[in-house]
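Please treat every number below as a calculation from the coordinates, not as lab data. What you see is a predicted model; the values in this text were computed from it and never measured. Cβ atoms come from the backbone with ideal geometry, glycine included; neighbour counts cover every protein chain shown.
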Amino acid sequence: VVVCGGFAQGLTVLCRALRSLGVSVVAMEDPWVPAHRSAASATPLTVVSVPVDGEGMRVDALATRSPGAAFVTPAHQCMLGMAMTPGRRAALLRWAADAGAILVEDDYDGEFRYDRQPVGALQGLDPERVIYAGTASKTLAPGLRLAWLVVPPQLADAVVEAKRLTDGLSGALDQLTLADFIESGGFDRHIRRMRLRYMRRRDLLVAALAERAPALRPSGIAAGLHVILSLPSHGPTEDEAVAHAARRGVALLGLGPFFADRDNHVPGLVVGYGTPPEHGFETALRSLVDVLGELWPV
Ligand SMILES: Cc1ncc(COP(=O)(O)O)c(C=O)c1O
């Protein structure tokens with residue numbers, strides 16, 4: 001296990017390690033976090049973006065681009081929110097085995113799962129080929145900058161060397177504090193408490209949308225801290241909705257910036273519900289649905 005300063009650093013470390021192992025092209029899901037795509041592009045690797053469909057990353061499109069590694073979010077696609085289906089997982093692992101490629105499983109919010117049994121890690125299906133990446137950013141705080149990479153033994157030296165070249169070592173005090181929190185059972189209790197709290201927020205959000213802006217169908221709601229609202233074909237465009245909300249003092253986020261390829265772009269809004277403090281959540285929710293109700297009236 002290699003501890004890093006957030007997944008953001010883990011990504012750069014992995015790109016350096018992959019380069020040292022002879023990889024020159026890496027694939028990333030489209031959509032994905034633009035900052036992560038840029039961070040990978042700033043390394044000597046070429047980044048290719050691969051579209052997703054309702055089952056996850058499209059393995060047929062991946063295969064045509066012949067990357068040496070692929071970054072995926074199988075538990076909760078970032079941003080669209082679906083879980084990768086068992087069939088797609090099997091196809092992805094088959095592709096990786098045939099191509100001699102490495103998979104990086106970015107499990108950024110796997111602890112918050114509401115409606116279904118936990119989705120097993122891809123890494124468990126092929127631990128020799130899949131690097132698992134976890135982070136404390138959603139469970140505790142993004143400001144902690146603590147993430148971990150579970151690396152197959154044959155890749156460990158390259159990843160440790162890349163981490164050493166990047167910043168030597170992540171802070172021991174933060175790691176020891178987190179280890180103590182886990183061992184004491186406090187972390188587990190915190191996750192259980194927060195899971196209930198976030199599930200209640202998610203339920204309030206879904207109910208308020210159904211009442212005030214039923215044309216907007218939330219998806220990706222089974223896990224994580226955000227939902228996606230796909231835009232109906234009638235009414236304002238994504239940009240118009242974001243601009244209107246900004247004029248009303250509500251910061252809406254469109255899906256557009258998350259797509260590398262405009263052809264893959266499905267218009268939608270990203271609504272995160274983790275950030276407001278508990279006492280401010282219902283007020284924030286009211287402001288949101290007031291604006292959405294103006295844009296897509298019942
Ligand atoms: C897809 C994805 N991966 C990983 C992370 C976590 O990144 P970090 O650990 O650098 O905060 C996030 C955070 O929002 C994310 O959206």
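Some values worked out for this structure:
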| quantity | calculated |
| --- | --- |
| Antiparallel %, DSSP beta bridges [both residues in segment 1-116], to 5 | 15 percent |
| Residue exposure sequence - F187, F258 - by fewest surrounding Cβ within 10 Å | F187, F258 |
| Cα-based shape type of segment 193-234, given that a ≥ b ≥ c are square roots of the gyration tensor eigenvalues and the cut on a/c is 1.5 | oblate |
| With Cα atoms, 0 to 90° folded angle of helix 281-295 axis to the chain main axis | 70 degrees |
| Global size of the chain as Cα Rg and Dmax, reported in angstrom | 19.7, 58 |
| The chain: angle of helix 172-183 to the longest principal axis, Cα-based, in degrees nearest 10 | 70 degrees |
| Kirkwood Rh and Cα Rg combined as Rg over Rh, evaluated for segment 90-191 | 1.00 |
| Within-14-Å neighbourhood charge of L155 [Cβ basis; K, R +1; D, E -1] | -1 |
| Stretchable slack from H234 to Y114, in nm (0.36 nm times residue separation minus alpha-carbon distance) | 40.1 nm |
| Inter-probe distance in nm under a simple model that places probes 7 Å from Cα toward Cβ, at A284 and H244 | 2.3 nm |
| Most mobile listed residue (D60, D109, D30) in the chain, GNM with C-alpha springs under 10 Å | D60 |
| R0 of 22 Å, Cβ-Cβ distance T46-D157: FRET efficiency to nearest 0.05 | 0.35 |
| Efficiency of FRET from Cβ geometry, D263 and E294, R₀ 25 Å, rounded to 0.05 | 0.25 |
| The chain: relative contact order as a whole-number percent, Cα under 8 Å and 6+ apart | 20 percent |
| For segment 1-121, Kirkwood radius (reciprocal of mean inverse C-alpha pair distance, Å) | 14.6 Å |
| Charge dipole of the chain about the Cα centre (unit charges at C-beta), most positive-ward option of M84, V291, V227 | V291 |
| Cα convex hull of segment 170-222 - mean projected area over all directions, nm² | 5.3 nm² |
| Cα-based helix-to-principal-axis angle, 153-167 vs the chain, degrees rounded to 10 | 70 degrees |
| Inter-centroid distance (Cα atoms) of segment 1-38 relative to segment 208-244, Å | 31 Å |
